[in-house]
Amino acid sequence: MSDPSKTAFCPLYFSAHGGQFNEKGLALFSGMMIPGVCDRAFDCGTCSLMSKWVSEMIAAGWSVGWECDQCLKNTFLDDKGRGVNRLLPGFYQASQPDPQQSGFIPGCTRCGWQTSFLQIVLRRQHG
């Protein structure tokens, strides 16, 4: 049985199982039982669905990082001032579960701080 503290709704998991979203990005629930709850929540860096999505975002011109809250706070105004599109979904985190796992995130990609809560952030220039 999975640890209830490690479960959360995941849009990538939901979509991979046939779930759809409206134009505002909200999940559409049609009455069908479509799985959307991941039992490895907060270990997103090691997820194969995340790896695929990150590859697609990089191909679309985004740079991807896993950053601590302090770096996200420190770069907010700078990103805005430089005209950088910044996507911070907020529900994908890397909690450094196992350095032997593929996709292991050793620390903040900006400052290197090793914390249990890193947020994925995507950036690209406007235009």
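Worth pointing out:
- Whenever a residue of segment 110-126 is more than 11 Å from W66 (Cα to Cα) and of a type in the set (S, T, Y), it has no partner that is loosely packed, with under 12 Cβ neighbours inside 10 Å and modelled with pLDDT of 85 or more lying with C-beta atoms less than 7 angstrom away and at least six residues away or across chains.
- Filtered residue count, segment 72-88, keeping only those that are crowded, with 17+ Cβ neighbours inside 10 Å and either under 16 Å from the mean Cα position of the chain (by Cα) or assigned to a loop (DSSP other than H, G, I, E, B) (or both): 1
- Some residue of segment 89-110 being touching a His at 6+ places or on another chain (Cβ under 7 Å) and surrounded by fewer than 17 Cβ atoms within 10 Å (Cβ to Cβ): no
- Subset of segment 11-66 (residues that are among the aromatic types (F, W, Y), in a loop (DSSP other than H, G, I, E, B) and closer than 21 Å to Q119 by Cα): F42, W62
- Which listed residue, of G65, G36, is within 15 Å of P11 (Cβ to Cβ) and surrounded by 15 or more Cβ atoms within 10 Å (Cβ to Cβ): G36
The values are calculated or read from the model by the stated rules, or taken from the named source; none is laboratory data. Every value quoted in this text rests on a predicted model; they were computed, and no experiment measured them. Cβ coordinates were reconstructed from backbone atoms using ideal geometry, including for glycine residues, and neighbour counts include every protein chain displayed.
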